[in-house]
Amino acid sequence: MKTSTADIITALKTKEVYLQFPQIGRGRYPIRKIEPSKCKVGCPIDTDVKAYLGLISVGKFEKALEVVKRDNPFPGICGRVCVHPCETECRRNEVDQALAICALKRFLADYELNKGRIKNEPIKSSRREKIAVIGSGPAGLTAAHDLVRLGYRVTVFEELPVAGGMLYTGIPEYRLPREIIKTEIDAIRELGVKIELNTRIRDLNKLQRQGYGAIFIAVGAHKGLKLRIPGEDEFEGFLDCITFLRAVNLTGKAKIGKKVVVIGGGNAAIDSARTALRLGSNVHIVYRRSRREMPANAWEVEEAEREGVKMHYLASPVQIIGEDGKVVGMKCIRNRLGPPDSSGRRRPVSIKGSEFQIEADTIIPAISQEPDLSWLPKVHGLKISKWNSFLVDQETLATNLPGIFAGGDCVTGPRTVIEAIAAGHLAARSIDRYLQGKPLRDEAKPRERVEFEIPTQPKGKKERAQMRKLSLQKRRSFKEVELGIAKKRAVEESTRCLRCGLCFECAECTPNCDKRLVALTIPGEASGLLLRVPVDYAQFPLSNEPLQGELSWAKGEGYPVIVEPVIAKVRDDLCRGCGDCVEICDYSAPQLYEQENGVKISIIDQALCKGCGVCATICPSSAITMGHYSDGRINRFVEQSLTKKGIVCFVCNWVYNLIEDVEEVAGLRVIRVICSGRISPALILRAFENGAEGVIGIGCPQGECHYISGNETAEQNFQRAKSILRTLGISAERVKFERLSSDEPERFDEIISSFAEAIKKAR
Amino acid sequence: MEIKTEIQNIVKRTKAYNCVECGKCSSVCPISLLNGVCLPRVTVRKALFETTDVLLRDELLWSCLNCGLCFERCDFDVRFPEFIRDLRIVAHKMGQGGVLSHNGALQSIMRMMASAELRQNRLGWLSRGLETAEKGEYLYFVGCLPYFDTFFAYLDLDLLNIAKSTVKILNYLGITPVLMPDERCCGHDLYWTGDLESFKILAQLNWEAIKATGAKRVITSCPECYYMLKQEYPKYVGKMEVEVIHISQLLSENLPELKFRKPKAEGRKPRKVTFQDPCRLGRFAGVYEEPREVIAAVEGNKLYEMGKNRREAICCGTSGWMTCGTWSKQIQVARLEEARRTGAGLLITSCPKCMIHFKCAQADRDRAKRAKIEIQDLATFVAENLMERR
């Protein structure tokens, strides 16, 4: 039966496809379309979790932190207080427990602090427009951070004497030390963001008149909701959790008594309770549902209980009781759980006659918050929802007034830090588009990456790293409770990652990755399909040589395919035993072995080889050949492409992933190799021998090579080819090595057209 | 022509039919001695009795070094190197070939030079103090040194010093040589690895260029260029009204005029030297004594011969940038060890390729000790030892 690569791809997308090797065994391997890793999908800001975990696993902590900071200006803060939806999504949950992603992020931030943080270089403003951000919480600061990096001049206005918004006034110090907030805000300041403290904005028109081209409102939700029960606000000793936490966080103290009752089950309630505990009070929490329905982080609830907070689940306040103008207690009623409400949680139903009373001198309601809009003038023209939040276009954060955007808690009501950061990013993007005169909505469809794999079965259970914690005796202070994890443990933990998701998500092909690429080709067809397979003999037949396989996606049908491992192979009669490959390989895959006659030859450990092809470009005797990406095959592509004169463009697999759609440019032939380090001087020369007008190689940016230093070899190989071509009278302009970052795939066209221009001039 | 007939012609032309299968050739073939496949005799046998496919698709066809030792040893005048060369030309047409070293980069360079439109920058190395001309009686055919120097920069050879030294020597002798900016590869490697067509173009382009300079004597520092220009070019470009000489011959002609530095007077110890005969200069062109005379003339230096010298000299291990693997390496290391055993501290050769191949073998860390000996080209050795003209 015959088929084509295109047919296979269609089948893979729609059907169950199996790969078999009839000649070697009865195993049947299912091929699946790879889904993006769940941790990344689960994160509101699409953090490249897999990438930084991979980098931690090989001890590249600085680089890992760089990856985190690409999406998140608050690694130290999120490493402590993020609700980490990534961990909820983690596929490791199916095996044992989720990766301790949050703890690993914190580890990176701690690592930088311990080593001594290097100050950020200020970013030169390249744009005229000024932008005002109202509110210095995570949403506002993230937007400011992004916009200043885009070259805008940004001022953040904050009415309090400290920056950070809820991070500072809402989250207690034992969870998030002030030093961490300060450091990460300083880092944003260093970039050039101005933060005006003690400045309450009262008039948006005035800001616009002052020349602010765009305004981002990110004032948060700092107004506690009412209980709506008798006695509320009548007695001394009744204070809202926001007021309470703000007082403690700003001044270190608050007016509370010895018997504190907190009402609510969210994080603000737990924070209030644990804070009151630290001020020396006995604390009770009253929550209307059971522990399972509590919106607060489970681990926070657990710590609160351990510290001695008394919980009253399934109880609702009915009345505040006061004497002589002071709170003396609270009357409650017990509940049972009824059918689920609109939030999906079971609704509490009060049990008649179950009233009881709790003695209290202080009552702190923490039942939810809404934005405080008292700063706005009476007439402002902004649309406001019935929950007192700003009404915006969810996709752009634009308000009904042009140039004014709003995001974070002041739009959504109280939510998480990471969601606020996501809103900040979105606001920055919209403001940039607005100021550039582009339509706010980006109509370009996000591209779907299509990759295939034979799934790996995780090997064995491994215990999740636990954070060291402050002993209970020391918890009567505001000292940080969670103490981070040690370097060794962090590295160990990172290796628990199953590396699900697309291959290109990793920042680097780490030595301990247990996946590898094989090429699937139909006999007689030149281009193939790359497939990720487990590097485990028990899970997939690994071989140095191409194997005859059979694909099937319907009963009784089998299509012959060649399965070729994308790895380096050494022909031993050609190996001179020089050891150049041993020296250049970043994965220690080649090793020299002495044969019986005393002659040394190199043998490549296929479990370690990543298939980048760097060794093949420097092997003096051409003893090393690459599976699938052989010189012969690449040269055939070059020859085919040069039937007309044109530019040969070698790209690494990762750049190829960025530009797949824009391949058809006149006179340009894009040829994919795995790593730019695969482009040997010989391939470049051969292209010119075949009549190329120019040869350009495009790899990943410096320090971001997926094969550690493959793009450095590429640079050297191009340099070497260039100097030879110069002697041959081919000017340096016609040979170029470029780098394309995944942040700006659109620069590809620019690179090619300027290269084509340079060639024209050189002629 | 049918392949079968072509092969029959080759057998006739190279007298392969003379072979009596005595096996003496195989007993000296450096490759046969290592890989155990009796190469020369067996290939002849295949040509005579096997199908063309068996003969031409045989990888062993490309592992021959063309060093000429077998021909030297053969009592029946079988012209084995030419036999292999011509078979390769046939095989090349069928798309066969050896494994090209450095992934074929050098072959690309050579073939690119076969383009008439090429405008090279090959004389960038000429420095002040080196006198050259555009027209004149003497022409220095530099060869591929400007390319090798760049390509093998990682071996730290300073190969262009050979060219500079040659010009320096010529100037010393009162000669202002012509250097051609459009000189091309002599075509040796393409010719000997089967690419006859590209070779022919190179030969024609070079001959036109040489003619245009009006030169009467062509001097080379590379034995391959020497051999090709002198013996092979006339077969393809017709009679050449020029004399082709190797720098060692010119030096030997002019020995009385050369004044060498005196090591003793300079407080240096004289050097113990040994000499590697390049195959093309020795067995292919019969130039054995001239380099030795020149070395011996350098004051105080003593030449220590290796056991296998002159006609019996062992090749530097590879030829034509092809199939240069473990056998080549072993030949090189053995030859370097032999050089060391003479007690000499300096190995002189007069071929840039011998130098590249030996240095490459030495570059590997493990072997370095056993094969450690300084290597120098004859021209640079002479230029270094010439006394400054007053």
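The values are calculated or read from the model by the stated rules, or taken from the named source; none is laboratory data. A quick note: this is a predicted structure, and the numbers were derived from the prediction, not measured. Methodologically, a virtual Cβ is constructed for each residue, glycine included, from the backbone with ideal geometry; neighbour enumeration extends over all protein chains shown. Ligands, DNA and RNA are stripped out before the accessible areas are found, and what is left, the full protein with its side chains, is counted by its heavy atoms. Shrake-Rupley method; radii C 1.70, N 1.55, O 1.52, S 1.80 Å.
Once C-alpha pairs closer than 8 Å and six or more residues apart are averaged by separation and normalised to the residue number of the stretch A:260-336, the relative contact order reads 29 percent.
If one puts a single equal scatterer on every Cα of the stretch B:258-385 and applies the Debye formula without solvent, what log₁₀ I(q)/I(0) results at q = 0.12 Å⁻¹? Per q value, in the given order, log10 I(q)/I(0) is -0.44.
Among A:396-403, A:383-390, how do they line up from the highest to the lowest mean number of other beta-carbon atoms within 10 Å?
A:396-403, A:383-390
Consider all pairwise Cα distances in the stretch A:226-367 and report the whole-number % of them above 18 Å. Write down the numbers at each step before the final one.
Working: 5286 of 10011 pairs.
Beyond 18 Å sits 53 percent of the P(r) for the stretch A:226-367.
Using equal-weight Cα scatterers in the Debye expression, the normalised intensity of the protein assembly as shown in log10 at q = 0.09 Å⁻¹ is -1.09.
Each Cα pair under 8 Å and six or more residues apart adds its separation to the average, and for chain A the resulting relative contact order is 12 percent. Cross-link reach is defined here as a Cα-Cα straight distance under 29 Å, omitting same-chain residues fewer than 8 places apart; for B:K24 the lysines meeting it are B:K4, B:K12, B:K15, B:K46, B:K308, B:K329, B:K353.
Our summary of shape: the Cα atoms of the stretch B:326-390 have principal axis extents of 50, 23, 18 Å, ordered from largest down, in whole angstrom.
Computed over the stretch A:286-345, the P(r) curve from all C-alpha pair distances, binned at 5 Å from the origin, holds 4, 15, 20, 19, 18, 14, 7, 3, 0 percent per bin.
Find which of A:A273, A:C78, A:G54 sits farthest along the positive direction of the dipole of chain A, computed with +1 on the beta-carbon of Lys and Arg, -1 on that of Asp and Glu, about the Cα centre. Result: A:A273, furthest along the dipole toward the positive end. According to the square roots a ≥ b ≥ c of the eigenvalues of the Cα gyration tensor, what is the shape class of the stretch A:612-763, taking rounded for a/c under 1.5, prolate for a/b larger than b/c otherwise, and oblate for the remainder? Rounded, because the longest to shortest axis ratio a/c is under 1.5.
Evaluate E = 1/(1 + (r/R0)^6) for A:S374 and A:K15, where r is the Cβ-Cβ distance and R0 equals 41 Å; express this FRET efficiency to the nearest 0.05. Walk me through the numbers on the way to the answer.
Details: r = 60 Å, r/R0 = 1.47.
Once the sixth-power term is evaluated, E becomes 0.10.
Distance between the C-alpha centers of the stretch A:143-181 and the stretch B:333-356? Whole Å please. Cα centroid of the stretch A:143-181 versus Cα centroid of the stretch B:333-356: 72 Å apart.
Per-residue packing, averaged as other Cβ atoms within 10 Å, sorts the ranges B:119-132, A:78-91 into the order A:78-91, B:119-132, beginning with the highest. Taking each of A:K760/B:K168; A:K63/A:K459; A:K459/A:K569; A:K722/B:K230; A:K736/B:K93 in turn, the alpha-carbon distance tops 31 angstrom for A:K760/B:K168; A:K722/B:K230; A:K736/B:K93.
Strictly greater than 18 Å: what percent of every Cα pair in the stretch A:678-763 meets that? List each step's numbers first, then the result.
Details: 1611 of 3655 pairs.
When every Cα pair of the stretch A:678-763 is considered, 44 percent fall beyond 18 Å.
B:K235 label point, 7 Å along Cα→Cβ, cut-off 12 Å on backbone N: hits in the stretch B:1-35? Counting backbone N atoms under 12 Å from the label point, the list is B:10, B:13-15. Reported to the nearest whole Å, the Cα centre-to-centre distance from the stretch A:39-88 to the stretch A:744-763 is 35.
Across peptide B:141-147, the mean count of Cβ atoms from other chains lying within 10 Å of each residue's own Cβ comes to 1. For the stretch B:48-143, taking the reciprocal of the average inverse distance between every pair of different Cα atoms yields a Kirkwood hydrodynamic radius of 17.5 Å. Estimated from the Cβ-Cβ distance and a Förster radius of 41 angstrom, the FRET efficiency linking B:K216 and B:E299 is about 0.80. Which of these, B:E82, B:E117, B:E197, has the largest mean-square fluctuation under a Gaussian network model of chain B (Cα springs below 10 Å)? Comparing B:E82, B:E117, B:E197 in a Gaussian network model of chain B, the most mobile one is B:E117. The spread of Cα positions in the stretch B:89-216, taken along each principal axis and listed from longest to shortest, comes to 50, 35, 23 Å.
Could you please report the charge total around A:G59, scoring K, R as +1 and D, E as -1 over all other residues with beta-carbon less than 11 angstrom from its beta-carbon? All intermediate terms of the calculation are to be shown ahead of the outcome.
On the way: positive: A:K60, A:K63, A:K487, A:K488; negative: A:E62.
It works out to a net charge of +3.
Given q = 0.13, 0.19, 0.26 Å⁻¹, what are the Debye log10 I(q)/I(0) values for the stretch B:3-93, with equal point scatterers placed on the Cα positions and solvent ignored? For the stretch B:3-93 at q = 0.13, 0.19, 0.26 Å⁻¹, log10 I(q)/I(0) is -0.35, -0.78, -1.54. Take each residue in A:720-732, count the other chain C-beta atoms within 10 Å of its C-beta, and the mean is 6. Annotation: lysines with alpha-carbon distance below 21 angstrom to A:K124 (same-chain offsets under eight excluded): A:K69, A:K194.
Take the alpha-carbon positions of the stretch A:566-628, form their convex hull, and give its projected area averaged over all directions (one quarter of the hull surface) in nm².
Working: hull surface 15.2 nm².
Average of the hull's projected areas for the stretch A:566-628 equals 3.8 nm².
Find the centroid of the Cα atoms in the stretch A:671-702 and in the stretch B:249-281, then give the distance between the two in whole Å. When both Cα centres are located, 45 Å separates them. Highest mean packing comes first when the peptides A:261-273, A:45-57, A:192-204 are listed by Cβ atoms within 10 Å, giving A:261-273, A:45-57, A:192-204.
Taking only C-alpha pairs under 8 Å that are 6+ residues apart, what is the relative contact order of the stretch A:226-367 in percent? Display every interim value, and only then the final one.
Values: 315 pairs, mean separation 44.9, N = 142.
This gives 32 percent for the stretch A:226-367.
Since only A:N690, A:I601, A:H628 are under comparison, the one whose Cα sits farthest along the positive direction of the charge dipole of the stretch A:593-691, derived from C-beta charges on Lys, Arg, Asp and Glu, is A:N690.
Pairwise Cα distances in chain B exceed 40 Å for 14 percent of all pairs. The alpha-carbon of A:K310 sits under 16 angstrom from the alpha-carbons of these lysines, leaving out residues fewer than 8 places away in its chain: A:K258, A:K259.
Model label points for B:A133 and B:E337, set 7 angstrom from Cα along the Cα-to-Cβ axis, are 5.1 nm apart.
In this rough spin-label picture, where each label sits 7 Å from Cα along the Cβ direction, the A:S588-A:E302 distance is 3.7 nm. Taking amide hydrogens as placed 1.01 Å from N in the peptide plane, the amide H of A:I263 sits under 5 Å from those of A:V286, A:I364, A:A366, each at least 5 positions away in sequence or on another chain. Using a cut-off of 22 Å between Cα atoms, the listed pairs A:K226/A:K255; A:K38/A:K462; A:K130/A:K223 include A:K130/A:K223 as exceeding that distance. Think of the stretch A:226-367 as having a plus end and a minus end, set by charges on the Cβ of Lys, Arg, Asp and Glu; of A:I321, A:A304, A:V261, A:A304 sits farthest toward the positive end of this dipole.
Just the number, please: carbon plus sulfur as a percent of the accessible area of the stretch B:269-390, 1.4 Å probe, no ligands or DNA/RNA counted.
Details: 2200 of 4550 Å².
After summing per-atom areas, the C and S share lands at 48 percent.
The modelled label-to-label distance for the pair A:D341/A:S354, using points 7 Å beyond Cα in the direction of Cβ, is 1.6 nm. Taking a ≥ b ≥ c as the square roots of the eigenvalues of the Cα gyration tensor, the stretch A:84-221 is prolate, since a/c reaches 1.5 or more and a/b is larger than b/c.
Neighbouring Cβ atoms from other chains, within 10 Å of the Cβ of residues in B:326-338, number 3 on average.
Considering only the other residues whose Cβ falls under 12 Å of the Cβ of A:Y174, what net charge follows from Lys and Arg at +1 and Asp and Glu at -1? Show your work: numbers first, answer last.
Values: positive: A:R80, A:R175, A:R178, A:R274, A:R278, A:K469, A:K474, A:R475, A:R476, A:K479; negative: A:E173, A:D271, A:E300, A:E303, A:E307, A:E480, A:E482.
Charge balance in the 12 Å sphere: +3.
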